[in-house]
1. Can you list residue pairs whose Cβ atoms sit under 8 Å apart, with the first residue in region 224-239 being assigned to a loop (DSSP other than H, G, I, E, B) and the second being loosely packed, with under 10 Cβ neighbours inside 10 Å? Count only pairs 6 or more apart in sequence or on different chains.
2. Quick one: what pairs do we get from region 263-277, first residue free of Cβ contacts under 8 Å to residues at least 24 places away in the same chain, second assigned to a helix (DSSP H, G or I) and open to solvent by 80 Å² or more (accessible area, probe 1.4 Å), C-beta under 6 Å, 6+ apart or different chains?
3. Quick one: count up the residues across region 223-254 that are of a type in the set (Ser, Thr, Tyr), within 15 Å of the chain's Cα centre (by Cα) and surrounded by 15 or more Cβ atoms within 10 Å (Cβ to Cβ).
4. List the pairs whose first member sits in region 106-124 and is touching a residue at least 12 places away in the same chain (Cβ under 8 Å), whose second member is among the hydroxyl-bearing types (Ser, Thr, Tyr) and open to solvent by less than 70 Å² (accessible area, probe 1.4 Å), and whose Cβ atoms are under 7 Å apart, counting only residues at least 6 apart or on separate chains?
5. Can you tell me which residue within region 180-213, out of those that are in contact with a Leu (Cβ under 7 Å, 6 or more places away or on another chain), without any contact (Cβ under 8 Å) to a residue 60 or more places away in the chain and under 16 Å from LYS272 (Cα atoms), is surrounded by the most Cβ atoms within 10 Å (Cβ to Cβ)?
6. Could you tell me whether any residue of region 164-176 is more than 25 Å from THR6 (Cβ to Cβ), open to solvent by 30 Å² or more (accessible area, probe 1.4 Å) and either part of a strand (DSSP E or B) or touching a Leu at 6+ places or on another chain (Cβ under 6 Å) (or both)?
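The values are calculated or read from the model by the stated rules, or taken from the named source; none is laboratory data. Treat the numbers as computed from the prediction; the structure is a model and nothing was measured. Heads up, the Cβs are rebuilt from the backbone with ideal geometry, glycines too, and the neighbour counts pull from every protein chain shown. In case anyone asks, the SASA skips ligands and DNA or RNA and just uses the protein heavy atoms, side chains included. Shrake-Rupley method; radii C 1.70, N 1.55, O 1.52, S 1.80 Å.
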Amino acid sequence: MGAWGTAISSNDTYADIYGDFFNLYNEGFDVAEISKKLISNNQETINDLDDGNNFWFALAKAQWECKLLDDNIFDKVKEIIETGADIEVWKELGADEKDIKKRKIVLDKFLADIQIERTKAKSRKKKIIRKPIFEKGDCLTFKLKDGNYGAAVVLEAIINTELGLNLIATTRFNESYKPTISDIENEEVLVKNFLFWKNQQEITWYYPISLKRDNIKPEVLGKLKVGIDYNPSDYSLGFSYGGSIDSTIEIIERQFEYEKTNLKTENKLTIKELTIKK
């Protein structure tokens, strides 16, 4: 389960399903047709004990926003929440008591929310070409909560599409001074293994709307030459989707906090390896 927080939407599966739903909705497909398509195409996720619940939460939320929440989908979500099935998943994956309590509050609120019909269905959006926020090769820095600087590199910028995606690799840089371009190029990529993560590199596709909503705006220090082209449709690379700088900063802090009492992973990858074509 690719989770970065306790919120219903704070995991990769929810972000993917919710995003896929509204991509099809905005293309004119009706809700029943979209739902049938998503269920058919995501059987592996649905049958995954760790991730299946997040699929149903995303589908229920999307249907509810369209004022067409299917009774069977609602009953499925209600059963998951009221029986404590999702909480059991979190316990089995090693979540601490603090996160489990937060998750239960979130689940109860979610169930209460979708029991009340929306006054208005979500409108379909016209096709809009979105420009990525950052350019390929941009080196970014931002302040962490403790005052130190973090750093990241934009590996790709997808232009002339509705998505306007940026692929950003977050580094392990965590110092009291601003990084140089050379510091960033030679830095390791942050690898997550707190909570449910199992040595997952923090390399994520960011949507422009998420970056615009961020409270923390990164500073562009300059550029690195990126000699590799990355395709957002290549799921074999294992990159996450739906990141934000605010959530990335939380991930950095939680990973370093985890490493205070746990061994750092030996799964190393440098920014140089991601930018120089072999």
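1. Here the result reads GLY227/LYS277; ILE228/LYS277, each pair linking region 224-239 to a residue that is loosely packed, with under 10 Cβ neighbours inside 10 Å.
2. Listed by first residue and then by second, the contacts come to nothing, as the list is empty.
3. Adding up the residues that qualify gives 5.
4. VAL106/THR6; ARG124/TYR25
5. Once the filter is applied, the top-ranked residue is GLU202.
6. yes
Listed here are the residues, each with its yes/no results for (1) modelled with pLDDT of 95 or more; (2) not hydrophobic (A, V, I, L, M, F, W, C).
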{"residue": "ILE116", "(1), (2)": "no, no"}
{"residue": "LYS125", "(1), (2)": "no, yes"}
{"residue": "ILE128", "(1), (2)": "no, no"}
{"residue": "ILE133", "(1), (2)": "yes, no"}
{"residue": "PHE142", "(1), (2)": "yes, no"}
{"residue": "ILE159", "(1), (2)": "no, no"}
{"residue": "GLU162", "(1), (2)": "no, yes"}
{"residue": "GLU175", "(1), (2)": "yes, yes"}
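A quick yes/no check of all residues on (1) among the hydroxyl-bearing types (Ser, Thr, Tyr); (2) more than 17 Å from PHE22 (Cα to Cα); (3) free of Cβ contacts under 8 Å to residues at least 40 places away in the same chain; (4) touching a Cys at 6+ places or on another chain (Cβ under 6 Å):
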site	(1), (2), (3), (4)
ASN54	no, no, no, no
LYS76	no, yes, yes, no
ALA85	no, yes, yes, no
GLY94	no, yes, no, no
ARG103	no, yes, no, no
GLU135	no, yes, no, no
